[in-house]
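> Below: one structure in structure tokens.
No lab work stands behind these numbers, since they all come straight from the coordinates. Please read these numbers as outputs of a predicted model, since none were measured by experiment. Neighbour counts run over all protein chains shown; Cβ positions are idealised from the backbone, glycine included.
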There are 4 protein chains.
Amino acid sequence: MATRVAINGYGTIGKRVADAVAAQSDMEIAGVTKTAPSFGCELAVRRGFPLYCTFDDTARISAFDTGGYECAGGLSKLLAAADVVVDCSPGKTGGENLAKYRQAGVKAIFQGGEPHNVTDLSYSSSANHDANLGADATRVVSCNTTGLSRTLVPLWQHCGSLAVECTMVRRAADPGDSGKGPINAIKPVLKVPSHHGPDLMTVCPEISINSLAVAVPTTIMHVHAIVATLPSGHGLTTESVVELLRTQPRVIVMHGGESRITTTAEVMEMARDIGRRWGDLHEIFVWEDGVSLQDDTLYYFQAIHQESDVVPENVDAIRALTGSETDWRASVAKTDAAIAAAQGTG
Amino acid sequence: MATRVAINGYGTIGKRVADAVAAQSDMEIAGVTKTAPSFGCELAVRRGFPLYCTFDDTARISAFDTGGYECAGGLSKLLAAADVVVDCSPGKTGGENLAKYRQAGVKAIFQGGEPHNVTDLSYSSSANHDANLGADATRVVSCNTTGLSRTLVPLWQHCGSLAVECTMVRRAADPGDSGKGPINAIKPVLKVPSHHGPDLMTVCPEISINSLAVAVPTTIMHVHAIVATLPSGHGLTTESVVELLRTQPRVIVMHGGESRITTTAEVMEMARDIGRRWGDLHEIFVWEDGVSLQDDTLYYFQAIHQESDVVPENVDAIRALTGSETDWRASVAKTDAAIAAAQGTG
Amino acid sequence: MATRVAINGYGTIGKRVADAVAAQSDMEIAGVTKTAPSFGCELAVRRGFPLYCTFDDTARISAFDTGGYECAGGLSKLLAAADVVVDCSPGKTGGENLAKYRQAGVKAIFQGGEPHNVTDLSYSSSANHDANLGADATRVVSCNTTGLSRTLVPLWQHCGSLAVECTMVRRAADPGDSGKGPINAIKPVLKVPSHHGPDLMTVCPEISINSLAVAVPTTIMHVHAIVATLPSGHGLTTESVVELLRTQPRVIVMHGGESRITTTAEVMEMARDIGRRWGDLHEIFVWEDGVSLQDDTLYYFQAIHQESDVVPENVDAIRALTGSETDWRASVAKTDAAIAAAQGTG
Amino acid sequence: MATRVAINGYGTIGKRVADAVAAQSDMEIAGVTKTAPSFGCELAVRRGFPLYCTFDDTARISAFDTGGYECAGGLSKLLAAADVVVDCSPGKTGGENLAKYRQAGVKAIFQGGEPHNVTDLSYSSSANHDANLGADATRVVSCNTTGLSRTLVPLWQHCGSLAVECTMVRRAADPGDSGKGPINAIKPVLKVPSHHGPDLMTVCPEISINSLAVAVPTTIMHVHAIVATLPSGHGLTTESVVELLRTQPRVIVMHGGESRITTTAEVMEMARDIGRRWGDLHEIFVWEDGVSLQDDTLYYFQAIHQESDVVPENVDAIRALTGSETDWRASVAKTDAAIAAAQGTG
């Protein structure tokens, strides 16, 4: 029987996760929530997802009708019809929501905007699927941490130990967000080291990592400049590192010089050609000609699509919590094949 | 029997037109051309489009094999298998190409980068489908002219005459083009009046129009600030103009205040939600609350997706040249329904 | 005896006006106000301007000492030592402030952020110096209106009548303001027509003008795309219009093609070479090769340095209110020569 | 007797160095060169600098007269009247020029756009003034290397050894350069490690350093994210590092939270308030609240004004070559005081 999945918060991440879940043969969307009638409801209707209100308040529920949308009820009613809820509500309301989910007896998945201690368990497909098997609640790590996990965990697995410094060059606003700046400036994140890197240790505590972050005037991707110190005797070369990364799931390695993909603009254009909805790129993009191993120090750049790399991870996390697929590579393969089939990008 | 369509130049516009053509039940893709093996070939292969070389040169043709792509031959061979060719090659090579197309006995459609006098005939679905019926060659007007045609032609048809001044605020580079600036400046187009507005008169000579243009540091859409002088006794109101525009094909009218779509960023985000390939927006976007009729002067803003608004127009133009559909509204409806069905956005 | 000038609000505009006033032989700075100790106080100290608190509140006044700055007292004390106050406080507090200024018997000058009806009198050096002679309070019009006044008033004076449509392409944030976006979008101002153009009629009611405005992702200048309808029999040519503009005070006319000044970036770089403090450009910049007269329709582009074009106008306005210089051209010449001498840009 | 200084190449750097040199009591400008008459000549005339042609070609020399500028002759004539030439010509012509300078018996200073091996000697005031005393030719290191030198050399001097990884977030174009992009993308420099960091070793070979670089869509400053490994037993704390940096010449340390200077936009605005010509910032800006020492790993951010931090270094380098001031701190103090006096920023 298909796992019934509720999406609490049908926004930037929620709408993407809903599509990815709906594409899976072992899952179905029980419903999605919005706080009020808006353009997002239109999309839910078009997809055929039952629409619920984020609140159980009768007035707010009936406001949907007034706005021209059929609302199936409040959050409680949705939870009663679900096995797992994916919480895609705005950050920092996780603790409060978790209580509701527990009371309803529904397993819960949070996003990286929430702190690790809401669930005391975090998730990344490539890092700790095993540790999440059968859990009641977990947190899919942020887009940045997911990106680090995809490339650093296999390196750590190969080397046995790894010490990493990462500078995160972050897009300052999402493409659909016109309110935020800066227009012409660089903004260092003055909390040093930043929280971004160390968050990786919630899914792979064996990697020692710190990070610095700066925000820059672009909307489309983050770029990580990574410096990893390998243990002596690592036995790797620049070429073998490239090969190791190339064989990881959800990692794309391309040569910038040969492909003329030299900036995040061309990476995103390639993603549009691939043809996923919203022009998304679920994969982490690594520039082959930006990888360089100097003695024990490994340098590389990777680009992160902040709106979508966590999307398939949420699908895998559902399987971890339900225990329906214990092998992370099998889940990843199943998730990605189903999305490709549904979005015509196979 | 389906019209066999060749796409000469499988780039930004060519790849989109190819998909739109392939979606039509009365057309099929005979093949697409590339100058050399590259990532664009990958896309053609995935779509199942026969791949040809832009040149008839044997060395260049065999370079495709070396690059790992099967090449069916040179341009001449493709033309021999086609009824109509859509020329999406870089601008200003039209005259030269037209000679080849004529020699091959293939009808030809050029893009707005070419000057009107290459064909002495231009095309816009809403303006002059009739005048193009059965022609040997035409030019689909540019993204900007197409945008003007969609909203100004119905206004002119209603009023009988129209004098227009338009300031075009243009994106300085496409999303996948990282080389061009400016990063932090406004660049007026010092050819005054600019060529953009008057190009509308190639498809609707009765509208009197001039334009000024400035380029600004954004990649996603052009915005037109339009001032139209209506003849006295026009009988219109701000509300009736909104209604007139709302009922035009390929025009979306939305209230910026209510929908929170207040910039081109949110317009493009809505387009991504609609879900066409590449996040395209074939429609012209008009802000309802930006329309204002003051006595005989009409003001409004419209946003143009420079990469895609001409795509369905090319499909209609094919039908005009073959004469397979004489009614423009019928062609538009057929084109758009087929694209919606193929791209799952119906 | 020198006119004693108070600057209420020592921020972006206030700091510039203070320097310009201090450069004049017939004026002196009585003091400047800040709301609290901050980096701006540093600048006032360095310039030798007495520092006052915007409020009369003792606690706020003594906070300056704590912050390491000598504060001479509250606003009342400053007004008691001044003949004229230039109000450079944030917009929309003008009405409230005017009451204080009147009570203190001090003449007052407001900035364009305030509405005209605060004073029922507005000021632009080139438009209505006469009408401001001896007045108790006036408002120097905004940077945009000042720019329109500099070029349109002489055209109107030559032609006798003028009907204008102007599209204002506005920088979305100032250079020192990193919080505002958009990063990658165009934002139309949906109040149509915008308030910008018609504000010109507060200083020159004989010009008929409307405007549209869009905000774009740049920080350095506004650009106006102007379409002016001249009365028939105007007797002007493109060349004579260029000549007319070239001979106006505080207007720079340069050929973009020859000077390679083709965007606002190069205009601002030229301003840095001129060498005024903050790299300011008090003049309106008109591209000679962007001026074009087509029958009775005149097209041109002008660039406006939003932070500084009103600065010398404030100095002239002081002379208008005190009646110390009745000829606007004489005041302009005196103002500009004194600034040039003080800033070494003569 | 004053050192006679020629400036070969009166562009972005040359015009600034000329002003800085002219401000010194022990130096005078013998002349400046331009390749052809242009707006830059205007500036030289205004400053009273003799104007020469970059070439000895008679036709090119007389073109200046045609353009309305008095030209004193070709480069050879200028060199005959100079003791030292500062080469500010576009990069990569250094070797060719050096031959001319040697033949004329003039000492020469190159800029960081030239490779170290043109002179086999490089210069940074804080690093190796001594090693440059009496030399015939040297190269002032680039803006980035100068920035690294200012903060890392004193750290190294304190600690005895230092291993550094630096990620350089670079502005993609200068403020007056409107042609270059990207508008909305991040561009990693795929040469890894980049040449930027290791260039520091040309002036301080004892520091071990590598770097990664990315270009971002801003025009105003570079930001360095620095990770330095200190030797154990360094005896430093976060506070003592801040103090060490605060006491270095040409380094400004400010608290971003308290000063509200949180991005490069506000840093540049502060520079405009300081009031140097062109709004320049000769100092390296370090955010106090971005400095953090974690055990032996020191993190900090610094911002670099790419157009001007090397300007005073050129003045010091002149004194090193002539041997007129053997103590680097004395030269720095003299240079900076003279600039402050000339530009009214004391």
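> Across every pair of different alpha-carbon atoms, what Kirkwood hydrodynamic radius in Å does chain B reach?
Hydrodynamic radius (Kirkwood, Cα pairs) of chain B is 20.7 Å.
> In what order do B:Y69, A:Y299 fall by count of nearby beta-carbon atoms within 10 Å, going from fewest to most?
Ranking B:Y69, A:Y299 by Cβ neighbours within 10 Å, fewest first, gives B:Y69, A:Y299.
> Something else about it: First select every other residue whose beta carbon is under 9 angstrom from the beta carbon of B:G256; then total the charges, Lys and Arg +1, Asp and Glu -1.
Taking every other residue near B:G256 into account, the sum is -3.
> Tell me the label-point distance for the pair D:D296, C:R46, using the 7 Å Cα-to-Cβ offset, in nm and rounded to one decimal.
Label-label distance for D:D296 and C:R46, simple model: 4.2 nm.
> Oh, and also: Taking every pair of alpha-carbon atoms in region D:230-302, what share in percent sits in each 10 Å bin, from 0 to the bin with the longest distance?
Going from the shortest bin to the longest, the percentages are 19, 46, 25, 9, 1.
> Can you give me the three principal axis dimensions of region B:143-304 from its C-alpha atoms, in Å, biggest first?
Result for region B:143-304: principal-axis Cα extents of 49, 37, 25 Å.
> Below 8 Å, C-alpha to C-alpha, sequence gap of six or more: please give me the relative contact order for region B:31-123 in percent. Kindly include the intermediate steps, with their values, before the conclusion.
Numbers: 123 pairs, mean separation 19.4, N = 93.
Relative CO of region B:31-123 lands at 21 percent.
> A further question follows. What is the set of long-range amide H partners of D:T93 at a cut-off below 5 Å, with H atoms built 1.01 Å from backbone N?
When sequence neighbours closer than 5 places are left aside, there are no close amide H contacts.
> OK, next. Starting from the Cα gyration tensor of the protein assembly as shown, take the square roots of the eigenvalues, sort them a ≥ b ≥ c, and report rounded, prolate or oblate (rounded when a/c is under 1.5, otherwise prolate if a/b is larger than b/c, else oblate).
rounded
> Going by how many other Cβ atoms sit within 10 Å of their own, how do C:H282, D:H195 line up, fewest first? The partial results should precede the final answer.
Details: C:H282 22, D:H195 14.
The fewest-first ordering by Cβ neighbours comes to D:H195, C:H282.
> Of the residues B:F55, B:F39, B:F301, which exhibits the maximal mean-square fluctuation in a Gaussian network model of chain B defined by a 10 Å Cα contact cut-off?
B:F39
> Please report the relative contact order for chain D, taking Cα pairs under 8 Å with a sequence separation of at least 6, and give it as a percent rounded to a whole number.
Averaging sequence separation for qualifying contacts and normalising by length gives 17 percent for chain D.
> So, R0 is 22 Å and r is the distance between the beta-carbons of D:A59 and C:H255; what FRET efficiency does that work out to, to 0.05? Spell out each step's value before the answer.
On the way: r = 24 Å, r/R0 = 1.10.
The formula returns an efficiency of 0.35 here.
> Projecting each Cα onto the charge dipole of chain B (Lys/Arg +1, Asp/Glu -1 at the beta carbon, about the Cα centre), which of B:G94, B:I252, B:P312 comes out farthest on the positive side?
B:G94
> Test of understanding: ordering A:D199, A:D26 by Cβ neighbours within 10 Å, fewest first, what list do you get?
Listing A:D199, A:D26 from fewest to most nearby Cβ atoms yields A:D26, A:D199.
> Using amide H atoms built 1.01 Å from N in the peptide plane, name the residues 5+ places from D:T3, or on other chains, whose amide H lies under 5 Å from its own.
Answer set, sorted by chain and number: D:M27, D:E28.
> With the Cα gyration tensor of region B:1-130 giving a ≥ b ≥ c as the square roots of its eigenvalues, does the rule (a/c under 1.5 for rounded; else a/b larger than b/c for prolate; else oblate) give rounded, prolate or oblate? Write down the numbers at each step before the final one.
On the way: a/c = 1.77, a/b = 1.43, b/c = 1.24.
Prolate, since a/c reaches 1.5 and a/b exceeds b/c.
> Now a separate question. Each residue of region D:181-189 in order: what ³J(HN,Hα) in whole Hz does its phi give by Karplus 6.51 cos²θ - 1.76 cosθ + 1.60, θ = phi - 60°, with x for Gly and Pro?
x, x, 7, 9, 6, 10, 10, x, 7
> Can I ask one more? For C:A108, which sequence-distant residues (separation of 5 or more, or a different chain) have an amide H within less than 5 Å of its own amide H, given hydrogens modelled in the peptide plane?
Excluding prolines and chain starts, which carry no amide H, the hits are C:V85, C:A137, C:T138.
> A further question on this structure: In deg cm²/dmol and to the nearest 500, what is the mean residue ellipticity at 222 nm of the protein assembly as shown if only DSSP H runs of at least 4 residues count, each as -39500 (n - 2.57), divided by the residue total?
Details: 48 runs with 488 residues, N = 1384.
Helix-only estimate at 222 nm: -10500 deg cm²/dmol.
> Between exposed trypsin sites (Lys or Arg not before Pro) in chain D, where DSSP calls loop and at most 16 other Cβ atoms lie within 10 Å, what's the longest gap? Walk me through the numbers before you get to the answer.
On the way: sites that count: D:K92, D:K191, D:R260.
Longest gap between qualifying sites, sites excluded: D:93-190.
> What percent does the relative contact order of region C:105-180 come to when contacts are Cα pairs within less than 8 Å and at least six residues apart?
Over region C:105-180, the number comes to 28 percent.
> Then there's this: Could you run the Karplus curve 6.51 cos²θ - 1.76 cosθ + 1.60 with θ = phi - 60° over region D:237-243 and give me ³J(HN,Hα) per residue in whole Hz, x for Gly and Pro?
10, 3, 5, 6, 5, 3, 5
> Of B:K100/D:K187; A:K34/D:K187; B:K187/D:K34; A:K334/B:K15; A:K334/D:K180, which sit over 32 Å apart, Cα to Cα?
Distance filter (> 32 Å) returns B:K100/D:K187; A:K34/D:K187; A:K334/D:K180.
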